[in-house]
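S.K.: First the structure, then my questions, so here it is.
The values are calculated or read from the model by the stated rules, or taken from the named source; none is laboratory data. Just so it is clear, the model here is predicted, and its values are computed rather than measured. When we count neighbours, we look across all protein chains shown, and the Cβ atoms used for this are built from the backbone with ideal geometry, even at glycine. The area values use the complete protein model at the heavy-atom level, side chains included, leaving out ligands, DNA and RNA. Shrake-Rupley method; radii C 1.70, N 1.55, O 1.52, S 1.80 Å.
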Amino acid sequence: MPMFRLQEALELTVEETGPDKTVYLYPPDSCCPPDLECPICLTPVVDPYECRNGHMICGFHTRDIHQCPTCEDAVFINTRNRFVLSHLGAMRVLCPNNCGSETVTRDNLIYHIDHCPVPCPKCKQPVAPMEKSAHMRNCPEAMVRCEKCRAKVRRRVLRSGEHKLFCPIECPNKCGAAVAPVKQKEHDEVCPMKTVSCSAARCRCPWAGPRKLCVAHEVDCPYVKLMPMLDELLRHNAALQREVDELTQQLAAAKAPPPLPPPPARPAFVCTHVT
């Protein structure tokens, strides 16, 4: 029987072999002696069981197969042959994480997987599986809850302080609303507890208080009732002030001394000396 090349092992899946069998992926240049090949799945045996004639199959198959497929013997015993187990354990296998290591064997595959860095699903940084728990406690892209608003945000955003601009906090005007700092100016335009002045403040009304009381104040405010007349007086006063400014400029121009005449031009000097 020719030596079995193990390229076909790369195509095996857990569905084809069962959940109780470890699936090993072998490099293309690996080879397996025919006696260590399972006649059912055509790959190197895993957890080998052998019949009384020495034919081996994978331990997973003993649940459904009760006769040796080679000699039809009905007795299977879990092998303890150290030479067989040593040869199988020393076979090179491929890392399922595709790290490219060429020193992985069946015996140290579990240890290698625990220490083989794989990209973190959040930040894509390489992390060994055994260090994943510690990494996730500090992963910058992991989702965490804000202690104030209880919203889920990325740890990177929370640490940088960017979330504080959008984290709702109690309105400083004590109106009971929760407002994000970036929305505080918009909220102040309608906040019922925001301190505002009377609409007649330009007429020297001294009242200032919460917005929700401003309407009731303006109903009885005497300055509001006098605002039409005061506005007319203010407009007339502004017009008079502009007229006064124009007359002042004209008077200043009239009192200014006339400009001095330009100095007479000096005659050009002509040299008459002849040498």
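S.K.: So which residues in the range 55-72 are in a loop (DSSP other than H, G, I, E, B) and without any contact (Cβ under 8 Å) to a residue 24 or more places away in the chain? Full working, then the answer.
M.R.: Taking the range 55-72 and keeping what is in a loop (DSSP other than H, G, I, E, B), we get 55, 64-72.
55, 64, 66, 67, 68, 71, 72 - these are the residues of the range 55-72 that are in a loop (DSSP other than H, G, I, E, B) and without any contact (Cβ under 8 Å) to a residue 24 or more places away in the chain.
S.K.: Then there is this: For a quick check of your reading of the model, give me the residue pairs whose first member lies in the range 231-250 and is surrounded by 10 or more Cβ atoms within 10 Å (Cβ to Cβ), whose second is at pLDDT below 90 and not in a helix (DSSP H, G or I), with beta-carbon atoms closer than 7 Å and at least 6 apart or on different chains.
M.R.: Matching pairs, first to second residue: none at all.
S.K.: Looking at the range 132-149, is at least one residue charged (D, E, K, R), open to solvent by 70 Å² or more (accessible area, probe 1.4 Å) and in contact with a Lys or Arg (Cβ under 7 Å, 6 or more places away or on another chain)?
M.R.: Initially, the range 132-149 is screened for residues charged (D, E, K, R), giving 132, 137, 141, 145, 147-148.
Those still in the list that are open to solvent by 70 Å² or more (accessible area, probe 1.4 Å) too: 132, 137, 145, 147-148.
Then keep just the ones that are in contact with a Lys or Arg (Cβ under 7 Å, 6 or more places away or on another chain); that gives 145.
Yes, the conditions are met somewhere in the range 132-149.
S.K.: Right, something else. Does residue 116 satisfy the condition of being in contact with a His (Cβ under 9 Å, 6 or more places away or on another chain) and within 30 Å of residue 155 (Cα to Cα)?
M.R.: It is false that residue 116 is in contact with a His (Cβ under 9 Å, 6 or more places away or on another chain) and within 30 Å of residue 155 (Cα to Cα).
S.K.: Right, another one. Kindly establish whether residue 214 is hydrophobic (A, V, I, L, M, F, W, C), surrounded by 10 or more Cβ atoms within 10 Å (Cβ to Cβ), touching a helix residue (DSSP H, G or I) at 6+ places or on another chain (Cβ under 6 Å) and free of Cβ contacts under 8 Å to residues at least 40 places away in the same chain. Before you say what the answer is, go through the steps one by one.
M.R.: Details: hydrophobic (A, V, I, L, M, F, W, C): yes; surrounded by 10 or more Cβ atoms within 10 Å (Cβ to Cβ): yes; touching a helix residue (DSSP H, G or I) at 6+ places or on another chain (Cβ under 6 Å): no; free of Cβ contacts under 8 Å to residues at least 40 places away in the same chain: yes.
Judged against the criteria, residue 214 is not a match.
S.K.: So is residue 79 among the β-branched types (Val, Ile, Thr) and loosely packed, with under 14 Cβ neighbours inside 10 Å or not?
M.R.: Working: among the β-branched types (Val, Ile, Thr): yes; loosely packed, with under 14 Cβ neighbours inside 10 Å: no.
Against the criterion (among the β-branched types (Val, Ile, Thr) and loosely packed, with under 14 Cβ neighbours inside 10 Å), residue 79 does not qualify.
S.K.: Then there is this: Looking only at the range 151-166, decide whether some residue is part of a loop (DSSP other than H, G, I, E, B), more than 19 Å from the chain's Cα centre (by Cα) and free of Cβ contacts under 8 Å to residues at least 60 places away in the same chain. Before the answer, list the steps.
M.R.: The first filter runs over the range 151-166 and keeps only residues part of a loop (DSSP other than H, G, I, E, B), leaving 151, 161, 166.
Those still in the list that are more than 19 Å from the chain's Cα centre (by Cα) too: none.
Scanning the range 151-166, I find no residue that is part of a loop (DSSP other than H, G, I, E, B), more than 19 Å from the chain's Cα centre (by Cα) and free of Cβ contacts under 8 Å to residues at least 60 places away in the same chain, so the answer is no.
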